Each structure stands twice: as C-alpha cells, then as structure tokens.
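One structure below.
The values are calculated or read from the model by the stated rules, or taken from the named source; none is laboratory data. Small disclaimer: the values here were computed from a predicted structure and weren't measured. Neighbour counts run over all protein chains shown; Cβ positions are idealised from the backbone, glycine included.
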Amino acid sequence: MSGPATRMELLELKNRIKLAEKGHSLLKRKLDGMVQKYMENVLEYVKRENNVKHSKELAFKVLTRAAAVSGAGRVMGIALATQPTMEIVNEQASIMGVQVPRLTVKPIKSSVNTSLIGTAYYVRDSMQKFSELLPELLRLSELELILSRLSEEIIRTRRRVNSLEHIKIPAMQDEFNQIKQVLAEQEREAFTRTKFVKEKIRG
C-alpha cells in the first residue's frame, strides 16, 4: 500500500479488481474456446494425415508403374513439359481472434507441351493422382500452421490468465483488505477520540 489510505482509493481499487476479474473471465472463455478449436483441428489433422499417407503411397505406386512401362526419362520429360494445373490462393481467416492462413486451390487451364501418344495409361493416371493429392497436402500444411499459431496464442493467453488469477488479482485484493483494515482502525480511533472529548465536556 502506497500513500495514505482513503475511501476514494478503496473505491478505485475495488473498481480495478472488478475490471481485472472481468478481464480474467473473458480471457478464460477465450482460452477454453481456443483449446476446443485446437483439439478439433488436431482431430482433422490426424484424419487427413492418414488419408494423405494412403493417397501418396497410391500415387507413387502408379508413378513407379508409369516409369517402368514408359521409361523414367519419358515420365520425367512429360512432368517438365506439363504446365501447372492449379493456383494456390493464400488468404487470411480468424479463429477466436487468432489470424490463421486459409489456403485454397484455384484450378487453371493447363496444357502438356509434348505429345502423349503412345504413352502408357499409368502416366495419365499418375498425373491425375498427384493432381488430386495436392489440395490434400495443402490443407495439411494449412492445418499445421493453424495448430502452430493457436498453440502460441494458447500459451500467451494461459500466461495472462494465470498472472491475473494468481498474482495481480490476489495482490489487489490484499491491498484492498489492508486499506479496509486501516480505514476501520482509523474509524475506531476517531470514535474513541470523539467519545473521550464528549466525556471531557460532560465532566
């Protein structure tokens, strides 16, 4: 406690405590919401990771067959001659006030600058499999970034919640009780002095 104890100081401190408790409550709700969103994204990540793993294995299996039938050089040449079939659009979204990426795939008209005549079916199938895999890989990367940013914000918010709950609010409450106690002692002293003066006047 700094300076003389006054009722005005006691009232101001009481208002600060109420404001801190309100802030703590809001931060706690935000923290709970972020943890819930984090877990939802973890579950989606695990599910998509398993799907992507299966799709990658299938895509590379078809690629291996394509290379075996048409020749690795031919497959490599087709890959280098193929123009992009989609464009990645990077936007921003918000989860519980946390800015997170939103990656979307925009299909674009593509062409292969080489003839596919005489090319094994597996080459075309491989191209299709990898084209289908890209959006899934993109979503997986997006989820990794979301989890990373949510995790950082959860840690920061938890620290603020703990600081308010265990340090700042208790410290203000202790100061409030000290001022209240000092004011009560001052009132008792004033009452005693007043009583003493009255008795002197009567005597």
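The figures follow:
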read-out	value
Residues satisfying the stated conditions in region 140-174, i.e. loosely packed, with under 15 Cβ neighbours inside 10 Å, of a type in the set (A, V, I, L, M) and in contact (Cβ under 8 Å) with a residue 24 or more places away in the chain	LEU145
Verdict on GLY77 being farther than 30 Å from ARG29 by Cβ, surrounded by 12 or more Cβ atoms within 10 Å (Cβ to Cβ), modelled with pLDDT under 85 and out of contact with any helix residue (DSSP H, G or I) (no Cβ under 6 Å at 6 or more places or on another chain)	yes
Flag for GLU91 being among the acidic types (Asp, Glu), at pLDDT below 80 and assigned to a strand (DSSP E or B)	no
Enumeration of residues in region 137-164 that are over 16 Å from the mean Cα position of the chain (by Cα) and modelled with pLDDT of 95 or more	ASN162, SER163, LEU164
Residues within region 130-162 that are touching a Leu at 6+ places or on another chain (Cβ under 7 Å) and among the aliphatic types (A, V, I, L, M), tallied	3
